[in-house]
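Report on one structure; see the data block that follows.
What follows draws every value from the coordinates through simple rules; no lab data is involved. Fair warning: this is a prediction, and the values are worked out from it, not measured in the lab. Note: ideal-geometry Cβ built from the backbone for every residue, glycine included; neighbour counts use all protein chains shown.
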Amino acid sequence: MQTQPAPYEKIVFVCVHHREDGQGPCCAARGGAELHAALKEQVKALGLSAKIRVSRSGCLNRCAKGPNIMVFPDNVWHCGVTPEDLPEILRSLTGDAG
């Protein structure tokens, strides 16, 4: 085993967990995969892929408040995320106040 520093400044976990019908709410049914794809594309378009990793996540156990996005190491949790929220989340990732 090798231990080394994380290769990214931030890792963004976007829940894309899918529950079978009748098993309760899930982020996948609320657009989690679409949010992941859009945020990943925006990070790539800004040339930030070497610094910010946008990763799919399994269940984050906050299904009723989803879709959910966690940002590490910032210890920030976004819930009830919509596509309209992505510009604000992206600004918070890059430290851009504008």
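Below are the figures for this structure:
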| quantity | calculated |
| --- | --- |
| Computed over the chain: relative contact order in percent, which uses C-alpha pairs under 8 Å that are six or more apart | 33 percent |
| Student exercise, segment 17-94 dipole from Lys, Arg, Asp, Glu Cβ charges, in Debye to nearest 20 | 260 debye |
| Listed residue (GLY32, HIS78, ILE11) projecting farthest to the positive dipole end of the chain, Cβ model | ILE11 |
| Bins of 5 Å, starting at 0 and running to the largest distance - Cα pair percent for the chain | 2, 14, 24, 24, 17, 10, 6, 3, 1 |
